Every structure is written in structure tokens, then in C-alpha cells.
Amino acid sequence: AAAGEAGGAARMFDEAMAHLRRAARLDHIAPGLVDRARFLLARDPTQAARDLDEALTIAAGRGFRLVEADVHLTRARLAVLAQDMTLAESSLQRSRALLTETGFELRMPMQWLTEAVVHAARGRREAAAQAILAAKQRIDEMGMHGIRSELERVTRIVESE
């Protein structure tokens, strides 16, 4: 059933992207591409990479700095899956720089969770645990209950490494 549900969700993402493209709203297309890329990370990394490239092209040319940061965060996770730790770390650095420059504090928990994934992939368990703790504290402080499932997922990844 899960494979069927994932296939249905993939079709819905494709349909949503088609609607966004018809609406020609680049400010919606770019985040939609990032969302689809996140969904496709493990399922279709080639399409995820294409979506991230397109989102970055749209965002960088129009000053969509938050979308740029999201692209780099997602690219870091994609790079971990591809075992390209150089790209993972450079993507993390770029996302952190963008978040710092723009003051998008709401993204910091995702920054730390992504850092935890990269640290775990590098075998740096203590650094991964510290990043998870920082994310958890900010999530609790800000009442960001919507990303608790991501916190739990990353915690499981780090514990399994």
C-alpha cells in the first residue's frame, strides 16, 4: 500500500507543478519544485536534482533568498544520499550563510537537522547529537510542532549510523 500511496503522491506533485506552471507564478513554482525534490530525494534523485537546479535558477535570479536556502538544504540531503560529502558540506555552508544574512530564524531547526544528517554520515555522532539538540530546543521554543516528525526521523537516522 505504501508504494501505491507514494506513487499517488508523486502524481499529485506532478499535477500541482503543472497547475503552477500554467499560472506562471514563479514565486510559487520555485518552492513547489523544492517540495517535490524533498519528496523525491530517495525515490528519484535525478528528478530531485533537476527540480533543485530549476528552483535555484528561478530563486537566484529574483531574490527569493529563502527558497535559495531551502534548495541548498535539500541539496545537502541529496548529496548525503549520493555520498558526495563535499557537496553536502558546501550546500550546508551556503544555506547557513543565506539564513544568517536574511535572518530567517524559522529555518534554523531544518538547518540543524540537515547538519545532523551530514554529521552522522561523516561519523561525527557527537556533533550530530548537538545539532539535534539545538533543533529540538528551537522547535520547542517556537512551538514548531509541524516539524516534530522530521526531528524524530533525523534522530532515528543519527541513532542508526
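Work out, step by step, the length gained on full extension between ALA97 and ARG65: first 0.36 nm times the residue separation, then minus their alpha carbon distance; give nm to one decimal.
Values: separation 32, 0.36 × 32 = 11.52 nm, distance 1.05 nm.
Length gained, ALA97 through ARG65: 10.5 nm.
Taking 0.36 nm per intervening residue step and subtracting the Cα-Cα distance, what contour gain separates LEU106 from ASP53 on full extension? Each step should come with its number before you reach the end.
Values: separation 53, 0.36 × 53 = 19.08 nm, distance 2.34 nm.
Using 0.36 nm per residue and subtracting the Cα-Cα distance, I get 16.7 nm.
The distance linking segment 88-139 with segment 11-49 is 24 Å (Cα centroid to Cα centroid, whole angstrom).
Per residue, the chain exposes an accessible area of 53 Å² to a 1.4 Å probe, with every protein chain left in place. When the Kirkwood radius is taken over all Cα pairs of segment 49-161, what Stokes-Einstein diffusion coefficient follows at 10 °C and 1.306 mPa s, in µm²/s? Diffusion coefficient, whole number: 113 µm²/s. Rounded to the nearest 10 degrees, the angle from helix 2-23 to the longest Cα principal axis of the chain is 60 degrees.
Net charge in the neighbourhood of LEU52 (other residues with Cβ under 13 Å of its Cβ; Lys, Arg +1, Asp, Glu -1) is -1. The C-alpha atoms of the chain define a longest principal axis, and helix 125-142 lies at about 70 degrees to it. Helix 85-102 axis versus longest C-alpha principal axis of the chain: approximately 80°, rounded to the nearest ten. Gain on full extension, evaluated as 0.36 nm per residue between ARG22 and GLN130 minus their Cα-Cα distance, stands at 34.5 nm. Taking the protein heavy atoms of the chain in the context of the full set of protein chains, the accessible area attributed to carbon and sulfur is 54 percent at 1.4 Å.
Of the residues ARG138, ARG124, ranked by 1.4 Å probe accessible area with the largest first, the sequence reads ARG124, ARG138. Over the chain, dividing the summed -39,500 (n - 2.57) contributions of all DSSP H runs of at least 4 residues by the number of residues returns a 222 nm mean residue ellipticity of -28000 deg cm²/dmol.
The values are calculated or read from the model by the stated rules, or taken from the named source; none is laboratory data. A quick note: this is a predicted structure, and the numbers were derived from the prediction, not measured. Cβ coordinates were reconstructed from backbone atoms using ideal geometry, including for glycine residues, and neighbour counts include every protein chain displayed. Surface accessibility is based on the protein's heavy atoms, side chains included, excluding ligands, DNA and RNA. Shrake-Rupley method; radii C 1.70, N 1.55, O 1.52, S 1.80 Å.
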